[in-house]
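Participant: Structure in structure tokens, see below.
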Amino acid sequence: MRTETGKLIGTPPFMAPEQFRRPREVGPAADVFALGSLMVHAATGRGPFDSDSPYVVAYQVVHDEPDLTGVPETLAPLVLRCLAKEPGDRPTPDELMRELRSAAAAYDTQVFIPAQRERTETPREAGPESAPGAPVEPSGQSDPSEQVARSGRVARSGRSWRVARRLGKRSALVAGAVGLAVTGSLVAVHSFDGAEPAGTPTARSASGGFGAWEVVPGASGGGMPQCSYAARRLLCARPGLVFALDPADGGTLWRHPVEEAVRDEPPVVSGGLVQPEVGLLGPLEALDPATGEPAWQEEMPAYDGLRTVGDMLLLTRADGMVTGVDSATGRTKWARRIPGQAVPYFTSFAGERRPAAYATSPSADGRRTRVTAVDPASGDVRWDAELAGALKPVGAADGSVFLVAEGAAYGDVRSVVRYTPATGATRRVVLPIPVEQAQAGVHGDTVYLMGAGGSLVAADMAAGKQAWRLETGVSRGSTPVSDGRHVYVTAPDGRLLGVDARAGRLLGQTRPRLGPDSDKVPASLPAPLLAGGYVYAGAPDGTVFGVAGRDPGAW
């Protein structure tokens with residue numbers, strides 16, 4: 001296009017102040033300014049500088065503050081930085097990518113991706129729409145903004161400007177797609193067309209490194225698999241089926257039918273055998289982890305609670321009697337009541353050198369909780385303590401037990417407690433804002449809480465304070481799991497989220513895996529599994545999948 005000296009080509013709301021004032025000094029920061037304007041359009045359908053006159057808009061860009069009314073609170077601070085008058089005050093592209101990845105977690109953008117609910121559709125890829133922008137030609141004027149405001153010499157016809165304004169709101173959806181492409185949050189949609197036999201793993205490359213895989217064992221659908229890692233394999237359960245997968249590629253090693261009512265707990269290895277932990281009725285059985293064949297099966301009296309702890313199965317009856325069953329043989333080793341616990345329903349935690357079964361009973365007024373640690377091999381009480389608050393054990397590490405204090409009304413977690421039985425020492429971290437109906441996991445001396453409303457919080461018990469809080473936008477996510485570097489959470493739509501454990505930033509997430517049985521997601525989602533640097537998870541479409549854990553940004 002032929003231009004004249006002193007005239008500018010561009011769209012004023014997307015042009016940075018330096019393009020009007022110092023056009024010869026325009027650099028990459030001008031693109032960051034344009035992206036800030038684009039995000040305002042995507043969020044509100046109008047620009048941060050808005051007027052019927054392009055000349056007035058140009059003046060506003062240089063001299064006025066942007067109007068961010070209607071921009072979500074999670075995005076507004078970042079957008080404001082992008083629209084800074086001075087280029088040096090705007091975030092760099094790298095900073096922008098990090099901030100956008102974190103901010104994108106507050107929006108469930110994947111629900112707008114087509115072909116994710118029907119498994120028989122032809123695979124499609126979702127990509128952003130884009131339109132080339134008009135170039136801006138620098139002029140020799142030292143401060144063209146004043147000239148623009150006075151004489152209105154912007155090389156853009158009035159007709160094209162009016163058309164652009166009429167299309168502004170319609171373009172917001174396109175702008176949103178472009179913004180998602182910038183953050184790296186828009187992913188390619190992959191779906192099965194039914195041609196692959198059930199149980200066949202599908203490998204996909206993750207940044208040229210570990211070949212990620214996914215598999216639907218058995219028929220499609222059937223609910224969200226509950227999995228654990230033991231005996232160098234993934235042990236999973238779905239209604240009517242227990243199965244083992246090769247963690248390297250997802251290949252099915254064996255399958256074993258069980259009664260339809262599988263508990264919201266995965267199979268575990270105890271006493272060297274797989275304990276399916278099926279429903280509370282019928283016989284108990286244990287399976288050979290190598291073949292899936294039954295090793296023993298025993299009829300048991302009716303019980304209301306079942307927990308695998310160490311090499312024992314602890315069965316709790318409605319009258320409070322507890323029976324200890326040897327996991328290796330199925331034989332009853334002991335039966336007794338637990339002092340101070342009327343009807344003990346036990347909790348236990350993997351990784352303890354001396355596994356213990358923990359039972360709690362709150363006082364009538366909810367101000368104190370009695371916590372009892374039981375030796376699973378004998379039923380003897382190891383220690384017993386009364387602690388302040390309505391407490392629930394959530395983890396154990398290095399000789400300490402970690403508990404969360406819940407509010408009386410809705411079960412919101414208001415503080416986190418570390419209790420060390422050997423010394424009787426208690427440390428409490430009060431959260432600035434309660435976490436709604438939180439699921440909690442422990443790594444080292446940090447407790448991670450995932451709230452029902454999407455809040456992911458890290459409580460640093462050593463420092464005695466909340467380390468960070470991230471609003472993920474995930475409703476009722478799983479218990480968070482951490483390796484010290486990352487925190488991983490499963491979402492109800494099958495996404496796996498990876499978060500920086502030190503800074504609390506969302507680094508990456510996998511695609512959704514919704515299916516015809518998505519409404520059968522269990523009340524408590526299965527937590528992700530960490531093994532050998534890889535992360536494994538289940539999804540509501542019946543998929544089990546594995547990805548490399550070292551770089552969630554590559555998912």
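The values are calculated or read from the model by the stated rules, or taken from the named source; none is laboratory data. Predicted model only: the values in this text are computed from it and were never measured. Counting neighbours? That spans all protein chains shown, and the Cβs are built from the backbone with ideal geometry, glycine included. Just the protein is used for accessible areas: all its heavy atoms, side chains included, with ligands, DNA and RNA removed. Shrake-Rupley method; radii C 1.70, N 1.55, O 1.52, S 1.80 Å.
Participant: List every residue pair whose Cβ atoms lie under 9 Å apart, where the two residues are 6 or more positions apart in sequence or sit on different chains, the first residue falls within segment 378-389 and is farther than 15 Å from ARG336 by Cβ, and the second residue, located anywhere, is among the polar types (S, T, N, Q) and loosely packed, with under 14 Cβ neighbours inside 10 Å.
Facilitator: GLU386/SER363
Participant: When segment 350-377 is examined, which residues are found to be of a type in the set (A, V, I, L, M, F, W, C) and open to solvent by less than 50 Å² (accessible area, probe 1.4 Å)? Spell out the reasoning first.
Facilitator: Pass one, segment 350-377, residues of a type in the set (A, V, I, L, M, F, W, C): 350, 356-357, 359, 364, 371, 373-374, 377.
Scanning segment 350-377 gives ALA356, ALA357, ALA359, VAL371, ALA373, VAL374.
Participant: For ALA462, which of the numbered conditions (1) surrounded by fewer than 16 Cβ atoms within 10 Å (Cβ to Cβ); (2) outside any loop (DSSP other than H, G, I, E, B) fails to hold?
Facilitator: (2) is the only condition that ALA462 fails.
Participant: Filter the strands (runs of 3 or more DSSP E) completely within segment 477-555 down to those with at least 1 residues that are surrounded by fewer than 24 Cβ atoms within 10 Å (Cβ to Cβ) and among the β-branched types (Val, Ile, Thr). Break it down into steps so the answer makes sense when it comes.
Facilitator: Numbers: elements: 486-490, 496-500, 506-509, 529-531, 534-538, 544-548.
It comes to none.
Participant: Please give the number of the condition PRO13 fails out of (1) in a loop (DSSP other than H, G, I, E, B); (2) of a type outside the set (A, V, I, L, M); (3) farther than 30 Å from GLY553 by Cα.
Facilitator: All conditions are met except number (1).
Participant: For the condition more than 20 Å from ALA350 (Cβ to Cβ), part of a loop (DSSP other than H, G, I, E, B) and among the aliphatic types (A, V, I, L, M), what is the one hit in ALA467, ALA452?
Facilitator: Numbers: ALA467 fails: part of a loop (DSSP other than H, G, I, E, B).
Only one candidate passes the filter, namely ALA452.
Participant: For segment 267-293, name all the residues that are under 28 Å from the mean Cα position of the chain (by Cα) and either at pLDDT 95 or above or open to solvent by 30 Å² or more (accessible area, probe 1.4 Å) (or both). Give the steps one after another, and end with the answer.
Facilitator: Going through segment 267-293, the residues under 28 Å from the mean Cα position of the chain (by Cα) turn out to be 267-269, 276-278.
Scanning segment 267-293 gives VAL268, VAL269.
Participant: Still on this structure, please answer the following. Give the residues of segment 378-393 that are surrounded by fewer than 18 Cβ atoms within 10 Å (Cβ to Cβ) and not in a strand (DSSP E or B), sorted by residue number.
Facilitator: If the condition is that a residue be surrounded by fewer than 18 Cβ atoms within 10 Å (Cβ to Cβ) and not in a strand (DSSP E or B), then SER378, ASP380 are the ones that fit.
The rows are residues; the columns are (1) surrounded by fewer than 20 Cβ atoms within 10 Å (Cβ to Cβ); (2) at pLDDT below 50; (3) assigned to a loop (DSSP other than H, G, I, E, B); (4) of a type in the set (Ser, Thr, Tyr).
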residue: VAL40; (1), (2), (3), (4): no, no, no, no
residue: PRO66; (1), (2), (3), (4): no, no, yes, no
residue: LEU80; (1), (2), (3), (4): yes, no, no, no
residue: LYS85; (1), (2), (3), (4): yes, no, yes, no
residue: PRO91; (1), (2), (3), (4): yes, no, yes, no
residue: ARG101; (1), (2), (3), (4): no, no, no, no
residue: SER130; (1), (2), (3), (4): yes, yes, yes, yes
